[in-house]
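Only one structure is covered here, and it is reproduced in the block below.
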């Protein structure tokens, strides 16, 4: 069992926050990330407490997902 799995075994309400930063050299890549986020909202909304999509700087996109456990 890894460290994250050990933490998940503690009883009580909890959230898992995942942050991913993408290097997007083109608008097409930014669109791909955005469409994936839209798909998550469409198909997995009940699993997500919060999701953010940020264009950080030229060619950088940050997605952060908070899940209820």
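The values are calculated or read from the model by the stated rules, or taken from the named source; none is laboratory data. The structure presented is a predicted model; accordingly, all values stated were derived computationally and were not measured. Cβ placement follows ideal geometry from the backbone for every residue including glycine, while neighbour counts extend to all protein chains displayed.
Among the residues examined, residue 56 does not qualify as touching a residue at least 24 places away in the same chain (Cβ under 8 Å), under 11 Å from the mean Cα position of the chain (by Cα) and not in a helix (DSSP H, G or I).
Return yes or no: is residue 6 out of contact with any strand residue (DSSP E or B) (no Cβ under 9 Å at 6 or more places or on another chain) and either loosely packed, with under 10 Cβ neighbours inside 10 Å or in contact (Cβ under 8 Å) with a residue 24 or more places away in the chain (or both)?
yes
Considering (1) surrounded by 12 or more Cβ atoms within 10 Å (Cβ to Cβ); (2) under 12 Å from the mean Cα position of the chain (by Cα), the lone condition that residue 17 does not fulfil carries the number (1). With respect to the conditions (1) at pLDDT 95 or above; (2) assigned to a helix (DSSP H, G or I); (3) surrounded by 11 or more Cβ atoms within 10 Å (Cβ to Cβ), residue 64 falls short on a single one, namely (2).
Residue-by-condition table, conditions (1) in contact with a strand residue (DSSP E or B) (Cβ under 7 Å, 6 or more places away or on another chain); (2) without any contact (Cβ under 8 Å) to a residue 60 or more places away in the chain; (3) exposed (fewer than 10 other Cβ atoms within 10 Å of the Cβ); (4) not in a helix (DSSP H, G or I):
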residue	(1), (2), (3), (4)
1	no, yes, yes, yes
32	no, yes, no, no
45	no, yes, yes, no
51	yes, yes, no, yes
